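The values are calculated or read from the model by the stated rules, or taken from the named source; none is laboratory data. Keep in mind the model is a prediction, meaning the values are calculated, not measured. Positions of Cβ are backbone-derived with ideal geometry, glycine not excepted, and every protein chain shown enters the neighbour counts.
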Amino acid sequence: MHASAQSKEKQVADLAHRNASLDDMKDLWALMRQTAADIPCSIESESDQERALTEIMKCCTAEFSPVILDAKRNVVGALLARRDELDWGLRNIETINVSLAAVSADHRDNGAFKVLIDAILKRNAPVYVEVKAGDAQGLAAELKGCGFSLTKTEEGAELYKWEPMAEAKAA
């Protein structure tokens, strides 16, 4: 195996993941501030910050949001997600909406997005992810590589969807 491939595999192996909790609020806010320009999202005004912190809190309590930890147990990536309440309430179908995807620049090339995406796909429910125009993290390519398809393009964003196979849903 090539040395850089071995190094990349070791880096991926060094990344632990778990679900986000309210204890992660401070680290997630720091990650969001660090990656805001790359996502892109605005956190400049007080109302933008309040809206972002509220969404982080909601996602931390929903138990659908995987986070990536580096060797020092620092949060270096997250997919902040929640159940689609309309699908759940009206049709009793679990659908997951990812409201924020962020990985620190130092960890984007070592498989962190794939680890996060795989963690959320294990729920075996449809997943929607919006990728904003100007995304500098490479999120769209990562989603396509994990089986997501582009379902909608609007000014300023693309919507990607992943659905489990029919036989996997029945299992």
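Mind checking which strands (runs of 3 or more DSSP E) fall wholly inside the stretch 98-171 and carry at least 2 residues that are modelled with pLDDT of 95 or more, β-branched (Val, Ile, Thr) and buried (at least 19 other Cβ atoms within 10 Å of the Cβ)?
Numbers: elements: 127-132, 149-154, 157-162.
Filter on the stretch 98-171 gives 127-132.
Determine if the stretch 13-20 includes at least one residue that is modelled with pLDDT of 95 or more, within 20 Å of ALA157 (Cβ to Cβ) and of a type in the set (A, V, I, L, M).
Looking for residues that are modelled with pLDDT of 95 or more, within 20 Å of ALA157 (Cβ to Cβ) and of a type in the set (A, V, I, L, M), one finds none in the stretch 13-20, hence no.
Can you confirm whether ALA36 is of a type outside the set (Lys, Arg) and in contact with a Phe, Trp or Tyr (Cβ under 9 Å, 6 or more places away or on another chain)? First the steps, then the outcome.
Details: of a type outside the set (Lys, Arg): yes; in contact with a Phe, Trp or Tyr (Cβ under 9 Å, 6 or more places away or on another chain): no.
Here the answer is no, as ALA36 does not meet what is asked.
Scan the stretch 58-78 for residues that are of a type in the set (Val, Ile, Thr) and under 14 Å from the mean Cα position of the chain (by Cα) and jot them down. Spell out the reasoning first.
The first filter runs over the stretch 58-78 and keeps only residues of a type in the set (Val, Ile, Thr), leaving 61, 67-68, 75-76.
Hits for the stretch 58-78 are VAL67, ILE68, VAL75, VAL76.
Which condition number in (1) more than 21 Å from VAL131 (Cα to Cα); (2) modelled with pLDDT of 95 or more is the one that MET32 fails?
(1)
Mind listing whichever residues of the stretch 29-46 are touching a residue at least 60 places away in the same chain (Cβ under 8 Å), closer than 15 Å to VAL67 by Cα and aliphatic (A, V, I, L, M)?
Residues of the stretch 29-46 touching a residue at least 60 places away in the same chain (Cβ under 8 Å): 31-32, 34-35, 37-41.
Of the ones still in play, those that are also closer than 15 Å to VAL67 by Cα are 31-32, 35.
Those that are touching a residue at least 60 places away in the same chain (Cβ under 8 Å), closer than 15 Å to VAL67 by Cα and aliphatic (A, V, I, L, M): LEU31, MET32.
Got a number for residues in the stretch 79-97 being under 23 Å from ARG18 (Cα atoms) and in contact with a helix residue (DSSP H, G or I) (Cβ under 7 Å, 6 or more places away or on another chain)?
Total meeting the criteria: 8.
Output the number of residues of the stretch 73-97 satisfying the condition of being in a loop (DSSP other than H, G, I, E, B) and surrounded by 12 or more Cβ atoms within 10 Å (Cβ to Cβ).
Qualifying residue count for the region: 5.
In the stretch 58-72, what residues are without any contact (Cβ under 8 Å) to a residue 40 or more places away in the chain and either surrounded by 15 or more Cβ atoms within 10 Å (Cβ to Cβ) or outside any helix (DSSP H, G or I) (or both)?
Result: ALA62, LYS72.
Sort out which residues of the stretch 76-102 are of a type in the set (A, V, I, L, M) and over 15 Å from VAL129 (Cα atoms), and write them in order of number. Give the steps one after another, and end with the answer.
The first filter runs over the stretch 76-102 and keeps only residues of a type in the set (A, V, I, L, M), leaving 76, 78-81, 86, 90, 93, 96, 98, 100-102.
Across the stretch 76-102, the qualifying residues are VAL76, LEU86, LEU90, ILE93.
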